[in-house]
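Here is the structure we will look at.
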Amino acid sequence: MKKYTYTESKDTRSGFGAGLLEAGKQDERVVALCADLVGSLKMQDFINAFPERFFQIGIAEANMMGIAAGLTIGGKIPFTGTFANFSTGRVYDQIRQSIAYSDKNVKIAASHAGLTLGEDGATHQILEDIGLMKMLPGMTVINPCDFNQTKAATIAVAKYHGPVYLRFGRPVVPNFTPVDQTFEIGKAVLLNEGTDVTIIATGHLVWEAIQAGEKLEEMGINAEIINIHTIKPLDEEAILASVKKTGCVVTAEEHNRLGGLGDSVAQVLVKNYLVPQEYVAVDDSFGESGTPAELMQKYGLDAEHIVQAVQRVMSRKK
């Protein structure tokens, strides 16, 4: 098992803030809009550097999406910023009609996604957003795993033409990917080569998958671990190459098991190369209030639950 270490832990939303500032420096067309959550979205450095390129919309998320769509007509590259719940569920009609259907170059930056929003509870913990966004024709869906990758993803998204949903979170997580990484939209990252089982993880679950891989190694199981930061378009080639070698797969995501990464992988397998699959995801329920760590454990999203899923899926191999 390849060893991954880190010197610091950071929140992925801060990676977005750092990436937004850098994207703004690289391209004067980059503008930012926020629904009264500048601090939560870490947009202040961008505002300080480019005050004339920031628009505070207030608690009017639907209006923010419409304004962002309009700004693209003038050649701007708008990033909208609010919680993932308000970035998707509250404004789905505006995204569908004004952004996706119209193929507008809007970047929907969604913080506080998943259960790890924590104490704010079920009304704010959206677990359906990946499914909502990936079903929109033409929408790219990206879910990076740590600070460095989120920063790199934000810069890459600014250069990419087309609507993008960029998902990140509030909790502090290990920052283990390279500072100088090249972020390729739609290209999976192979973290560890293995022969016994494929673990495909996204977002905060990538680090949990690495920890699970270390535990599995102690059990004599050699896991191949893949970081799927882009859920749409999905790197089908990387997935198929791996499962043809290992013969089984576990998908891990901080999302409802319905409609997320796991279902996207299952579609690839059904059409191309059918192998046993187990899901590590929220089992079709809403969340609740609690610390991120407590919720990850209760809802079965930590490294130990990935290990258990590996044991189940390997028992199903022919």
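Test of understanding: among T116, T123, which residue is surrounded by fewer than 22 Cβ atoms within 10 Å (Cβ to Cβ), touching a helix residue (DSSP H, G or I) at 6+ places or on another chain (Cβ under 9 Å), of a type outside the set (A, V, I, L, M, F, W, C) and at pLDDT below 95?
Selected residue: T123, the only one of T116, T123 that is surrounded by fewer than 22 Cβ atoms within 10 Å (Cβ to Cβ), touching a helix residue (DSSP H, G or I) at 6+ places or on another chain (Cβ under 9 Å), of a type outside the set (A, V, I, L, M, F, W, C) and at pLDDT below 95.
To keep it simple, each residue is scored yes or no on (1) in a loop (DSSP other than H, G, I, E, B); (2) crowded, with 18+ Cβ neighbours inside 10 Å.
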site: D45; (1), (2): no, no
site: N63; (1), (2): no, no
site: T80; (1), (2): no, yes
site: A109; (1), (2): no, yes
site: C145; (1), (2): yes, yes
site: T150; (1), (2): no, yes
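What pairs come out if I take residues in region 49-70 that are farther than 18 Å from S98 by Cβ and pair them with residues that are surrounded by 15 or more Cβ atoms within 10 Å (Cβ to Cβ) and among the β-branched types (V, I, T) whose C-beta lies under 6 Å away, six or more apart or interchain?
R53/V31; F54/I47
Taking the condition of being under 25 Å from the mean Cα position of the chain (by Cα) and either among the aliphatic types (A, V, I, L, M) or not assigned by TED's automatic domain parsing to the domain that holds F79 (or both), how many residues in region 36-56 meet it?
5
Would it be correct to say that Q181 is among the polar types (S, T, N, Q), surrounded by fewer than 20 Cβ atoms within 10 Å (Cβ to Cβ) and not in a helix (DSSP H, G or I)?
yes
In region 219-241, what residues are more than 17 Å from the chain's Cα centre (by Cα) and either closer than 15 Å to P144 by Cα or buried (at least 24 other Cβ atoms within 10 Å of the Cβ) (or both)?
Result: A223, single match.
Quick grid of which residues meet (1) over 13 Å from L166 (Cβ atoms); (2) of a type in the set (K, R):
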| residue | (1), (2) |
| --- | --- |
| M65 | yes, no |
| K76 | yes, yes |
| F86 | yes, no |
| G89 | yes, no |
| Y92 | yes, no |
| K104 | yes, yes |
| M133 | no, no |
| N143 | no, no |
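So that you can scan it fast, the table gives a plain yes or no per residue for (1) farther than 13 Å from T198 by Cα; (2) surrounded by fewer than 23 Cβ atoms within 10 Å (Cβ to Cβ); (3) under 19 Å from the mean Cα position of the chain (by Cα); (4) free of Cβ contacts under 8 Å to residues at least 12 places away in the same chain:
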residue	(1), (2), (3), (4)
V265	no, no, yes, no
L269	no, yes, no, no
A281	yes, no, yes, no
T291	yes, yes, no, no
K298	yes, yes, no, yes
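Matching residues to (1) in contact with a Gly (Cβ under 9 Å, 6 or more places away or on another chain); (2) within 26 Å of F176 (Cβ to Cβ); (3) at pLDDT below 95; (4) not in a loop (DSSP other than H, G, I, E, B):
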position	(1), (2), (3), (4)
R13	yes, yes, no, yes
A18	no, yes, no, yes
E22	no, yes, no, yes
K25	no, yes, no, yes
E28	no, no, no, no
L33	yes, no, no, yes
N48	no, no, no, yes
E52	no, no, no, yes
F55	no, no, no, yes
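Quick check on my filter: what residues within region 158-178 are more than 17 Å from the chain's Cα centre (by Cα), in a loop (DSSP other than H, G, I, E, B) and in contact (Cβ under 8 Å) with a residue 40 or more places away in the chain?
Answer for region 158-178, where residues must be more than 17 Å from the chain's Cα centre (by Cα), in a loop (DSSP other than H, G, I, E, B) and in contact (Cβ under 8 Å) with a residue 40 or more places away in the chain: H161, G162.
In the set I130, I155, which member is over 13 Å from the mean Cα position of the chain (by Cα), β-branched (V, I, T), assigned to a helix (DSSP H, G or I) and in the same structural domain as L41 (by TED's automatic domain parsing)?
Residue meeting the stated conditions: I155.
Out of (1) touching a strand residue (DSSP E or B) at 6+ places or on another chain (Cβ under 7 Å); (2) farther than 24 Å from L274 by Cα; (3) assigned to a helix (DSSP H, G or I), what's the single condition that is false for A209?
A209 satisfies every listed condition except (2).
The values are calculated or read from the model by the stated rules, or taken from the named source; none is laboratory data. Here the structure is a predicted model, which means the values were calculated and not measured. Backbone-built Cβ (ideal geometry, glycine too); neighbour counts: all protein chains shown.
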